[in-house]
Amino acid sequence: MNKKLKNSLILLGVLAGLFIIWAITYFVFQRPKINKATIEIQKLKRENANWDTTQLRLQLDSLQARFLVIDSLLSARKYNVPHEIHQAKFFQFVNEHSRSFGNLSFVNVEYQGINQENAFRYHTYNVTGKASFSEIFTLLYAIEESKEIKKLKLAEFSASTEFDENKIAFYLVNFVLQVGVYYFDDTRFEASKFYENDLRAPGVANLYYPLLRADIEPNIYNLLEVQNAKLLAILPDGAFLVNDKGESYLLREGDEVYLGYLTKIDRKKSKVYFVLNKGGIIENVVLDLPSQNSSKEKR
């Protein structure tokens, strides 16, 4: 037997062996599984044939319409309870609403843990810092009016006075807040789309601004200091005055002076009247042209 014929016989033997292995695998192992799957498919086809697909489509359309109605009602509510809110989201919320705070203001947020209230859970945070009253009110308004329910559990405030590099006083407020951010294990209180409420805070009076201030603002705009001023003349255009440095000013009624305003020019009596606010103490000053003396009346 030559070498070529021998190789051909070996190849035919290998192919025959592979065929036998495939046949055994198919008929012994795979064929029963295929037959079983075929029977299951036929059974499902018979069961599906008994269902009214038109009725199923109508039920599906009805459920989808009901879902849209419920979802729109949830979206229209002013407040919603989210589903499993992440604890880091409140840090982002505070950063967003304190980004515009001044250089002397700061806010710290510390995560405390999870608490239970009836069927709801809430993340607890301690929020501390220092800011102006309007800045704090803006943050509080955003917390209370946010669509995803947040509640102030504790709030403490105290007045603080800070000075910048120009020694100008700023009246700030120290604050300690405890905030609960609520969530629910179920999705029935959560809308499919989230729309935040309008969190622009209204204007409010500064409750921590002192009525009587120990400091007096410096004369950084070089206004007339009435205390040491002299009335030189009353002109048709206004009153001509000079300060103790020899600097002259021509002022009209309503013009600003240091710590106050020129309120009246009395040409008949040759007098000018000023109202000054010295740290909450209102002082009326009158400068007389003939005598160039000043009389003061405090109240």
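The values are calculated or read from the model by the stated rules, or taken from the named source; none is laboratory data. Everything numeric here is computed off the predicted structure, so don't read it as measured data. For neighbour counting, all protein chains shown are included, and Cβ atoms are generated from backbone atoms with ideal geometry for every residue, glycine included.
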- Message: Can you pull out every residue in the range 80-97 that is of a type outside the set (A, V, I, L, M, F, W, C) and on the phi < 0 side of the Ramachandran plot?
- Response: N80, P82, H83, H86, Q87, K89, Q92, N95, E96, H97
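The rows are residues; the columns are (1) more than 19 Å from A88 (Cβ to Cβ); (2) in contact (Cβ under 8 Å) with a residue 12 or more places away in the chain.
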residue: V109; (1), (2): no, yes
residue: Q112; (1), (2): no, yes
residue: A119; (1), (2): yes, yes
residue: L139; (1), (2): no, yes
residue: E144; (1), (2): yes, no
residue: K147; (1), (2): no, yes
residue: E156; (1), (2): yes, yes
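Which one is modelled with the lowest pLDDT among residues in the range 48-78 that are part of a loop (DSSP other than H, G, I, E, B) and closer than 30 Å to V127 by Cβ?
Going residue by residue through the range 48-78, those that are part of a loop (DSSP other than H, G, I, E, B) are 50-52, 77-78.
Of the ones still in play, those that are also closer than 30 Å to V127 by Cβ are 77-78.
Values: R77: 65, K78: 72.
So the residue we want is R77.
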- Query: Does L152 qualify as being surrounded by fewer than 15 Cβ atoms within 10 Å (Cβ to Cβ) and in a strand (DSSP E or B)?
  - Reply: yes
- Task: Residues being touching a Pro at 6+ places or on another chain (Cβ under 7 Å) and among the β-branched types (V, I, T): count how many of those fall in the range 130-165.
- Result: 0
- Task: Scan the range 79-96 and give yes if some residue there is farther than 30 Å from N115 by Cβ and modelled with pLDDT under 80, otherwise no.
- Result: no
- Message: For the range 104-153, which positions are within 16 Å of P82 (Cβ to Cβ) and of a type in the set (D, E, K, R)?
- Response: E117, R121, E145, K147, E148, K150, K151
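For the range 237-247, check the following and say yes or no: at least one residue is in a loop (DSSP other than H, G, I, E, B), at negative phi and among the basic types (K, R).
yes
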- Query: Mind checking which residues of the range 101-118 are loosely packed, with under 10 Cβ neighbours inside 10 Å and either in contact with a Ser or Thr (Cβ under 7 Å, 6 or more places away or on another chain) or of a type in the set (A, V, I, L, M, F, W, C) (or both)?
  - Reply: G113
